[in-house]
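Input: a single structure, listed below in structure tokens.
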Amino acid sequence: MKLSSTLLMASMALNNGFSASSPETNDLTVHLDQPAKPISSNLWGIFYEDLNYAADGGLYAEMIQNRSFDFSALEQPDWNALSFWEVSLEGDASARLIVDAGRPLHRNNPTYGVFKVDNASGKAAIRNPGFDGISVEEGKSYNVSAFARLLHIGPRWTPAKPEEKAPELIARIVAQNGDIIAESKLPPLTTDWSKLKTSLVAQKTDTHASFELVATEAGGIALDIVSLFPADTFRGRENGLRKDIAQTIADLHPRFIRFPGGCLVHGNGVENFYDWKDSVGPLETRKGQPNLWGYHQSVGLGYFEYFQFCEDIGAIPVPVVAAAVSCQHTGQTFDIGQSCLPIEEMERYIQDTLDLIEWANGPADSKWGSLRAAAGHPEPFGLKYVGVGNEDKMTPEFEERFKLINDAIQNAHPEITVIGTVGPFPDGEDFEIGWSIANELQLEVVDEHYYRDPDWFWDNLDRYDSYDRSESKVYLGEYAAHDEGRRLTLRSALAEAAFMTSLERNGDVVIMASYAPLLAKIGRTQWNPDLIYFDNQTVYPTISYEVQKLFGETRGDEYLQAEIPTLEQRFAASAVRNSESGNAFVKLVNGADNPIPVTLNFASDSKLAKQVKVTTLAGELDDTNTAEKPGTVLPSTQTQKLKKASLPLELPPYSLVIVELAPAD
Ligand code: AHR
């Protein structure tokens with residue numbers, strides 16, 4: 001049982017530490033003159049999972065789909081190694097595209113395409129439509145690369161005639177109407193695998209272009225990792241991220257990123273765990289695999305890129321490894337499908353996890369640290385947390401394996417905090433067993449998950465007030481308010497905002513929290529709602545995103561004492577201060593359909609600034625920010641005078657209002 005009744009009483013009495021005031025005045029007094037409670041400065045972060053085409057076709061800027069000729073029916077019943085490629089012929093040309101596996105580029109990359117051209121007169125090309133079209137902008141540059149090998153000149157079984165020339169490849173971007181809007185020849189082919197590169201500048205904007213490789217002569221050409229990347233990626237990183245999506249994430253000011261999942265981590269069976277080792281090193285040595293969400297993950301966006309992104313945006317990396325058991329829904333089952341790594345394989349598995357720590361933090365001349373250095377990052381990444389398991393079914397098999405992994409990490413790396421897991425729900429059997437394992441092992445942090453309707457969040461604002469502060473701290477790794485029909489409403493966003501004020505109040509026990517899931521490509525979702533939607537051109541942040549962003553921008557590391565009125569209607573508030581800047585932030589959530597008059601008072605021993613910034617996010621409960629109606633509900637900020645340390649406010653119906661008080665000049 002998680003709740004401590006003594007603490008519950010104490011904290012309910014304190015509930016925000018505040019007594020009720022008379023309804024007419026709704027005085028809310030924030031005490032800058034009294035000691036504040038230290039809370040986590042890392043409370044707001046993000047949970048990134050490659051779900052809803054978040055990576056390939058999303059954040060990862062690669063524009064070619066199935067670039068490595070390794071899609072399979074395990075991903076979609078009608079997929080194969082040649083999916084998303086077609087032959088495009090004009091005039092007398094004749095050609096085929098087949099798949100082969102002899103002399104592959106690398107054993108982790110066993111299949112490749114063979115473009116067999118019998119007659120190149122006219123046009124013999126292979127074409128790729130990207131992920132629902134390739135979106136290019138006039139004047140922008142795109143980098144093309146491909147691993148290629150010349151197999152034969154002219155027909156396969158006949159020695160090349162003196163007059164026959166070796167085929168070369170021309171890379172093209174072709175507009176929807178057939179216009180060639182960019183074209184460049186690749187360097188000559190060699191008889192061994194070599195990486196050919198060129199770049200293209202789009203002469204026209206087109207949202208649904210396609211990519212072609214045209215052969216100049218008859219012959220056979222092996223091709224693998226055919227790639228088209230915008231030259232302009234986030235922070236200019238090679239093999240980088242789509243700039244607009246990455247910037248939208250960065251704008252949340254996340255203090256940490258949990259990655260790469262979610263269910264993705266413990267996978268569809270033990271062979272489908274996300275293996276970090278498969279995701280690092282040169283692209284041609286990485287091992288893509290089916291994503292349990294029903295598509296292919298190329299792992300082009302792999303552990304190096306995740307850690308680099310964290311560093312680029314000042315977020316703490318929180319990688320998650322499977323607890324050596326698979327998702328309990330493995331193999332088309334529900335809840336009964338957990339499969340476990342055989343115990344005799346645990347030593348090797350645990351070593352892989354220890355190797356991850358060395359890869360991230362070890363010196364550049366260590367075995368695994370040298371791989372990081374070779375990728376361009378000789379300095380350690382400063383890994384502090386490793387998540388073990390993801391809302392697993394709490395079976396004896398899980399427990400045994402979790403303990404082995406946890407012990408090994410604690411022994412070898414006491415500097416690393418292991419984050420445990422307590423099942424998929426806010427209560428119930430897995431939750432209870434998970435917490436008892438955490439208590440037994442004295443874990444520093446456990447990961448709670450819950451998706452519930454907006455009412456649940458309003459009804460549970462006191463959830464953490466009663467948590468025993470001597471037990472494990474909580475990382476609320478996945479949460480979201482799911483409105484009816486899983487819509488993206490202001491109703492959900494306000495319920496989340498109200499709950500987040502309670503997380504701030506309990507920021508001494510809840511040390512991290514992340515909304516879930518983060519990203520979704522429109523038309524390619526397996527899960528709704530998500531925080532950020534996008535298509536190939538545009539990013540559409542939801543109202544929940546605006547809430548997360550506002551909290552990220554106004555984070556504190558001290559919870560201020562305050563007298564907050566208890567109202568008959570839905571209302572929640574919190575007051576934090578950022579000790580570095582000295583800024584205080586008061587958050588007020590009105591969940592009712594009437595305005596609430598509030599007089600906000602600041603009790604202080606010292607002089608206060610003459611004005612405050614007041615940011616308001618308000619609308620109708622059913623409002624949504626979607627691709628059809630983007631930006632329906634957006635925050636707006638005004639400056640208001642602070643007179644005698646007091647501020648009259650009228651909280652609009654259905655609103656989040658944040659008051660920011662900077663230190664006096
Ligand atoms: O966030 C979507 C999914 O929800 C995650 O993969 C899983 O951990 C949870 O069930």
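Residues Asp56, Asp465, ranked from the fewest to the most other C-beta atoms within 10 Å, line up as Asp465, Asp56.
Here the relative contact order of the chain, from alpha carbon pairs under 8 Å that lie six or more residues apart, stands at 17 percent.
Footprinting exposure proxy ranking of Ser227, Ser636, fewest other C-beta atoms within 10 angstrom first, gives Ser636, Ser227. Packing here is the average count of other Cβ atoms within 10 Å per residue, and on that basis the peptides 431-437, 106-112, highest first, run 431-437, 106-112.
In the chain, the calculated helix contribution to ellipticity at 222 nm averages -5500 deg cm²/dmol per residue, counting -39,500 (n - 2.57) for every DSSP H run with n ≥ 4. As a rough guide to protection, the peptides 355-362, 340-347 ranked by mean Cβ packing within 10 Å, highest first, stand as 355-362, 340-347.
Amide H contacts of His31: Gln561, Ala562, Glu563, Ala603, each under 5 Å away and 5 or more positions distant or on a separate chain (H built 1.01 Å from N in the peptide plane; Pro and chain starts excluded). Within the straight-line cut-off of under 23 Å between alpha carbons, the lysines reachable from Lys644 are Lys587, Lys607, Lys610, Lys613, sequence neighbours fewer than 8 places apart in one chain being disregarded. The dipole here belongs to the chain: it is taken about the Cα centre, uses +1 on the Cβ of Lys and Arg and -1 on the Cβ of Asp and Glu, and is about 1740 debye.
Taking the Cα centre as origin and putting +1 on Lys and Arg beta-carbons and -1 on Asp and Glu beta-carbons, what dipole magnitude results for region 86-230, to the nearest 20 debye? Walk me through the numbers before you get to the answer.
Values: 16 positive and 18 negative charges, 104 e Å.
Magnitude of the dipole: close to 500 debye.
Once you charge only the Cβ atoms, +1 for Lys and Arg and -1 for Asp and Glu, what is the size of the charge dipole of region 324-421 about its Cα centre, to the nearest 20 debye?
On the way: 7 positive and 16 negative charges, 47 e Å.
Once rounded to the nearest 20, the dipole reads 220 debye.
Its convex hull of Cα atoms gives the chain a direction-averaged projected area, equal to a quarter of the hull surface, of 32.0 nm². Computed from phi, the 3J(HN,Hα) profile of region 584-590 under the Karplus parametrisation 6.51, -1.76, 1.60 (θ = phi - 60°) reads 9, 10, 10, 10, 10, 10, 9 Hz, with x in place of Gly and Pro.
At a 10 Å Cβ-Cβ cut-off, how would you order Leu32, Leu213, Leu354, fewest neighbours first?
With the fewest neighbours first, Leu32, Leu213, Leu354 line up as Leu354, Leu32, Leu213.
Readers should treat all values here as calculations from the given coordinates under stated rules, not as data from a laboratory. Small disclaimer: the values here were computed from a predicted structure and weren't measured. When we count neighbours, we look across all protein chains shown, and the Cβ atoms used for this are built from the backbone with ideal geometry, even at glycine.
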